[in-house]
């Protein structure tokens, strides 16, 4: 496997609305996307574009959202995960498993509509890492 | 101000050597840089290239390193900061201060040899944010 492009950094927030205001007003981002629900992951999502990658703002969706635990420890929000692209998600899963890294669940549809999985932070130097099949209509 | 490119994500680690092995063997990164000391920041640094940005591995350097506290809470390491480029560091500092964000100290030379400052995570949705003047010989 070859290290792919950083598709996005995942930033957890108690309020996507407040975070969008912050990224637009303070950081000078242009609002180019609208928030949407991703019920299978238990998150509401909105992407913010930078010139070379994206910020994925994630807010808890529902009582069982996996983000609640993170926000309990980090009430203001914070860096949640990073996401790298791979050409083939199943090959990537086999690669990580062969190397002994813990893949969290089966590949499932992620926020960009392609298959993703997460690798346990304990096997990634403390960094929760999302592996994502590159979007075929990727404009980057 | 306009949101600039993500120069790097900063990842704290108790051992750059171990992290380089992880990023090369497990993530498929190519070793293109060598670690170096940045005594003014109290860190040892090594960059890892991705196709569109970099990972900045940072290890504590010296007793007073600001990374010790982070590693006490996150012994395996983890996501420490993100860094965005700006064309002019002094204009950026004035911008953040006008907006009421807490700029941590005066601009100083960072790991890429250009001026940088940090913005307090409390003013950035919990994300410790480095602002960095773009390298003039930037090869990206």
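Against the list (1) surrounded by fewer than 18 Cβ atoms within 10 Å (Cβ to Cβ); (2) not in a loop (DSSP other than H, G, I, E, B), the condition residue A:33 fails is (2).
Hey, does segment B:73-84 have a residue that's touching a residue at least 24 places away in the same chain (Cβ under 8 Å) and away from chain A (no Cβ under 13 Å)? Within segment B:73-84, none of the residues are touching a residue at least 24 places away in the same chain (Cβ under 8 Å) and away from chain A (no Cβ under 13 Å).
The single condition among (1) more than 14 Å from chain B (Cβ to nearest Cβ); (2) more than 15 Å from the chain's Cα centre (by Cα); (3) crowded, with 19+ Cβ neighbours inside 10 Å that residue A:136 does not meet is (3).
Scanning segment A:112-140 for residues that are modelled with pLDDT of 95 or more and either out of contact with any helix residue (DSSP H, G or I) (no Cβ under 9 Å at 6 or more places or on another chain) or part of a loop (DSSP other than H, G, I, E, B) (or both) returns A:114, A:118, A:120, A:121, A:122, A:124, A:125, A:126, A:127, A:128, A:130, A:134. It is to be established whether one or more residues within segment A:8-29 are without any contact (Cβ under 8 Å) to a residue 12 or more places away in the chain, touching a helix residue (DSSP H, G or I) at 6+ places or on another chain (Cβ under 9 Å) and under 24 Å from residue B:50 (Cβ atoms). Yes, there is a match, as at least one residue in segment A:8-29 is without any contact (Cβ under 8 Å) to a residue 12 or more places away in the chain, touching a helix residue (DSSP H, G or I) at 6+ places or on another chain (Cβ under 9 Å) and under 24 Å from residue B:50 (Cβ atoms). Given the structure, is residue A:66 at pLDDT below 95, more than 14 Å from every other protein chain (Cβ to nearest Cβ) and farther than 23 Å from residue B:58 by Cα? Against the criterion (at pLDDT below 95, more than 14 Å from every other protein chain (Cβ to nearest Cβ) and farther than 23 Å from residue B:58 by Cα), residue A:66 qualifies.
Out of all the residues in segment B:97-107, is one or more within 12 Å of chain A (Cβ to nearest Cβ), part of a loop (DSSP other than H, G, I, E, B), over 13 Å from the mean Cα position of the chain (by Cα) and closer than 30 Å to residue B:21 by Cβ? No: segment B:97-107 contains no residue that is within 12 Å of chain A (Cβ to nearest Cβ), part of a loop (DSSP other than H, G, I, E, B), over 13 Å from the mean Cα position of the chain (by Cα) and closer than 30 Å to residue B:21 by Cβ. When you check residue B:55 against the structure, is it more than 23 Å from residue B:93 (Cβ to Cβ) and surrounded by 19 or more Cβ atoms within 10 Å (Cβ to Cβ), yes or no? Yes, satisfied.
So, in segment B:30-48, how many residues would count as being facing another protein chain (nearest Cβ under 8 Å) and either farther than 21 Å from residue A:53 by Cα or without any contact (Cβ under 8 Å) to a residue 24 or more places away in the chain (or both)? If you could, list the steps in order and put the result at the bottom.
Within segment B:30-48, the subset facing another protein chain (nearest Cβ under 8 Å) is B:30, B:48.
Retained after the next criterion (residues that are either farther than 21 Å from residue A:53 by Cα or without any contact (Cβ under 8 Å) to a residue 24 or more places away in the chain (or both)): B:30.
Total satisfying the criteria: 1.
Say we look at segment B:40-58 and pick out the residues that are under 21 Å from residue B:119 (Cα atoms) and outside any strand (DSSP E or B); which of these is modelled with the highest pLDDT? Step by step, filter segment B:40-58, then rank; the result is B:53. Residue A:61 meets each of the listed conditions (1) at pLDDT below 95; (2) in contact with a strand residue (DSSP E or B) (Cβ under 7 Å, 6 or more places away or on another chain) apart from (1).
One residue is enough: does segment B:104-116 have a residue meeting the conditions surrounded by fewer than 19 Cβ atoms within 10 Å (Cβ to Cβ), closer than 21 Å to residue A:80 by Cα and free of Cβ contacts under 8 Å to residues at least 60 places away in the same chain? There is no residue in segment B:104-116 that is surrounded by fewer than 19 Cβ atoms within 10 Å (Cβ to Cβ), closer than 21 Å to residue A:80 by Cα and free of Cβ contacts under 8 Å to residues at least 60 places away in the same chain.
Kindly provide the set of residues from segment A:1-21 that are facing another protein chain (nearest Cβ under 7 Å) and within 19 Å of the chain's Cα centre (by Cα), ordered by number. Full working, then the answer.
In the first step, residues of segment A:1-21 are kept if they are facing another protein chain (nearest Cβ under 7 Å); the result is A:1-6, A:9, A:11, A:13, A:19.
Listed by number, the residues that qualify are A:3, A:4, A:5, A:6, A:9, A:11, A:13, A:19.
The values are calculated or read from the model by the stated rules, or taken from the named source; none is laboratory data. Computed from a prediction, not measured in an experiment: that's the story for all the values here. Reconstructed Cβ throughout: ideal geometry from the backbone, glycine too, with neighbour counts over all protein chains shown.
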